[in-house]
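Report on the following structure.
The values are calculated or read from the model by the stated rules, or taken from the named source; none is laboratory data. A quick note: this is a predicted structure, and the numbers were derived from the prediction, not measured. Here the Cβ positions follow ideal geometry from the backbone for every residue, glycine too, while neighbour counts run over all protein chains shown. For the accessible areas, the whole protein counts, side chains as well, though only heavy atoms, and no ligand, DNA or RNA atoms are used. Shrake-Rupley method; radii C 1.70, N 1.55, O 1.52, S 1.80 Å.
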Amino acid sequence: MLPSQVPAEILLRCRDILGTDIRSVQPVSGGDINQAFRLEAPTGSFFLKTNTGPQAGRMFGTEAAGLGLLASAGALRTPAVLGFGETPQGAFLLLEFIETGFRPPVFWEKFGTGLAHLHRSSAEKFGLGHDNFIGSLPQSNSQHDTWASFYIHERLLPQLDLAKQSNRLQSADFQDFEILFKKLPDLCPAEPPALTHGDLWSGNFLCSTAGQPVLIDPAVSYAHREMDLAMSRLFGGFERPFYRSYEAAWPLAPGFEQRLPVYQLYYLLVHVNLFGGGYVGSVRSALGQLI
Ligand code: ADP
């Protein structure tokens with residue numbers, strides 16, 4: 001029996017998927033939600049996430065689908081999905097292990113250009129064929145013809161409902177959101193639905209030993225491409241060459257700085273619902289800039 005915290009049933013499933021024995025298991029730190037491990041096998045290293053929560057099987061299934069969709073765009077690297085599933089001892093997601101290295105000077109340029117390329121992948125409607133998750137929260141992806149309708153009904157309102165249930169926002173806040181909803185169709189430029197990573201903060205990409213950006217932990221949908229840029233700016237922002245090369249590949253419509261709080265509101269509401277009332281002030285300040 002291997003000394004590890006990975007349930008035996010999950011290790012057996014991984015062994016079957018990989019078709020080889022697993023020689024060692026080491027915990028990997030850094031995840032918010034799941035337990036993560038590095039598996040060593042004669043054929044290489046693998047990354048395993050496990051979780052025993054009731055929705056974990058669906059979370060890993062939609063994460064695998066999201067990684068697959070991002071990979072199919074051929075724009076930025078993602079870890080290969082080797083398998084996922086549920087066992088009586090919990091759910092798991094088995095991925096290619098990405099060895100990480102230092103970011104070379106061209107890293108951010110490659111990343112910005114690659115993201116613009118990813119965003120060129122389009123669909124007829126905003127949304128996705130299935131719902132998924134952002135962090136541990138469900139994310140609804142019912143399809144809409146317009147960005148405003150999608151953003152209000154599938155992004156802001158579900159988070160506002162959660163905040164209402166936990167009494168984290170007050171009735172004046174909900175009234176302010178109603179004002180924003182009326183203005184939304186005129187606030188964002190009309191653009192085609194773009195395949196977005198959906199949760200693009202600094203914890204959700206890696207730099208491979210070859211210096212390539214690698215996307216992890218997505219919350220994909222066909223959304224407004226400015227969502228990814230706004231999320232990247234929520235906590236300090238990425239390096240300048242990232243934004244320069246993005247804009248060189250696909251310029252943003254004028255006025256993005258003024259629209260930034262529109263998109264950040266979704267992520268701030270997610271933070272209110274995941275981490276508590278400390279983010280309510282940021283929600284109010286973003287809203288105050290828009291209404
Ligand atoms: P969680 O879903 O719990 O947020 P993450 O997907 O963020 O977990 O993974 C936890 C940590 O493991 C990350 O911070 C990252 O450094 C590392 N990691 C994620 N995916 C891989 C991978 N495929 N290969 C190597 N390391 C990874």
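Each part reduced to its alpha carbon centroid, the stretch 232-271 and the stretch 89-148 end up 15 Å apart.
The charge dipole of the stretch 129-285, taken about its Cα centre with unit charges on the Cβ of Lys, Arg, Asp and Glu (plus for the first two, minus for the last two), comes to roughly 300 debye. A cut-off under 13 angstrom between Cβ atoms defines the neighbours of Val214, and their net charge, with Lys, Arg +1 and Asp, Glu -1, is 0.
Taking a sphere under 11 Å around the Cβ of Arg284 and counting the other residues whose Cβ falls inside, with K and R at +1 and D and E at -1, yields a net charge of -2. Other residues within the sphere of radius under 14 Å centred on the Cβ of Phe177, judged by their own Cβ, net out at +2 (K and R +1, D and E -1). Take Asp186: with every protein chain present and a 1.4 Å probe, its accessible area is about 140 Å². Of the whole protein surface, Arg13 contributes about 90 Å² of accessible area at a 1.4 Å probe radius.
Candidates Trp147, Ser171, Leu265 compared by Cα position along the dipole of the chain: farthest toward the positive end lies Leu265, with charges placed on Cβ.
If DNA, RNA and ligands are ignored and the probe is 1.4 Å, what is the ranking of Tyr246, Tyr222, Tyr279 by accessible area, most exposed first?
Numbers: Tyr246 0, Tyr222 35, Tyr279 65 Å².
Largest to smallest exposure gives the sequence Tyr279, Tyr222, Tyr246.
What is the angle, in °, between the Cα long axis of helix 107-119 and the longest principal axis of the Cα atoms in the chain? Nearest 10 is fine, range 0 to 90. Result, in degrees: 70. The label-point distance for Ser122 and Ala80, in a model that sets each label 7 Å from Cα toward Cβ, rounds to 3.3 nm. Treating r as the C-beta distance of Thr43 and Ser285 and R0 as 51 Å, the FRET efficiency rounds to 0.50. With the Cα gyration tensor of the stretch 8-96 giving a ≥ b ≥ c as the square roots of its eigenvalues, does the rule (a/c under 1.5 for rounded; else a/b larger than b/c for prolate; else oblate) give rounded, prolate or oblate? Judged from the Cα gyration tensor, the stretch 8-96 comes out oblate (a/c at least 1.5, b/c at or above a/b). Here the label points at Ala73 and Ala210, each 7 Å from Cα along the C-beta direction, are separated by 2.0 nm in the simple model. Computed from point charges on the beta carbon alone (+1 for Lys and Arg, -1 for Asp and Glu), the dipole magnitude for the stretch 60-174 about its Cα centre is near 280 Debye.
What is the calculated FRET efficiency for Glu257 to Asp161, with r their C-beta to C-beta distance and R₀ = 30 Å, to the nearest 0.05? In this case the efficiency is close to 0.50.
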